[in-house]
Structure formats: C-alpha cells, structure tokens
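Encoded as structure tokens, the structure appears first; notes follow it.
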Amino acid sequence: MSGFLDGIRCGDCECNVDWGERRNTIASIAAGVLFFTGWWIIIDAAVKYPAQDEFHHAYHTCGVIATVAFLMINAVSNGQVRGDSYSEGCMGQTGARVWLFIGFMLAFGSLIASMWILFGGFVVPRESTLSPTVYPGIAVFFQNAFIFFGGLVFKFGRTEDLWQ
C-alpha cells in the first residue's frame, strides 16, 4: 500500500508529473485536511447544539482519544517497527510494535465507540419522536472516521525513502 500514489496518471495529458517526489507532501496535506475536517465537524455540532440534553459534552472524549491514537500511530516510523533503524531504548523494536498496536487499538476503539454513540444515543431513542436530532451523533461518528482515515493516510501514504 505504500506505493499507491506512484501509478497515478494525470488524465490523458502528457504532463508526466513525478508523484514519487511529491508523495510525502500530498499524503501530509491529505491527512491534514482529513484531520481538520473531523474537528471542524464536531466544533460545528458543539456550536449548533450547546445544551447538554441535545449533545452531551462527554461525547467529545472519542475525538480526543482518536487524536491521541493519531499521534501514537505516527510517532513511530516504519523502520522502527521493522527494526531497521531502531535498536536502542528500553524495549527496542518490540516496544515500537507494542506502541503502534496500542495506537491502533485506541483508533479502532474510538471509531467503534463513535458508532455506539451514534446509534445508541441518537438513532434508536429518537425513533418515536416527531423531530429527531441525529446530527450530533453523525458529527461524532464522522469526526472519528476522518481522524482515523487521516491517521492511516499519514502513516501509510508517505515513504521514508525520501528522508535519507
């Protein structure tokens, strides 16, 4: 998956853009836009529904955990996980793998928790009401989905070959 930007063609033009040189830039910008969009959506929901009975403020916890997972996943390089460039430290390669695993567990956990908030807190209890307010639940889910996919793009969309 680390070479998915290498084979992109720019339509039928003969512009011959070398995506390999700009791969890290494109992946970083895409991940930043996804991360920003996730937080923008939840800020919009918090501003639109400021009351506790419409949108409980404890639901922001999923986004904070997703952000911590984003940082944990991208704190270790692929070389550290493979053991190519990291042998010192208290745990070495095993510590980097455990750190990455915990980061992915937090990311998946926050995504699953946001789905539970969406359905358990907004979709199912509101079926009997005439005017259901579902947007805060959708905002929590999309915030976590955008942060999760931004973390994946930032981790696997870049290459470390250009760093040397």
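FYI, it's all coordinate maths here, none of it is from the lab. Not measured: the values here are computed from a predicted model. Using ideal geometry, Cβ is built from the backbone for each residue, glycine included, and neighbour counts are taken over all protein chains shown.
Structure notes:
- Model label points for THR159 and VAL81, set 7 angstrom from Cα along the Cα-to-Cβ axis, are 1.8 nm apart.
- Taking a point 7 Å out from the Cα of ILE112 in the direction of its Cβ, the residues of the range 43-78 whose backbone N falls within less than 20 Å of it are 59-73.
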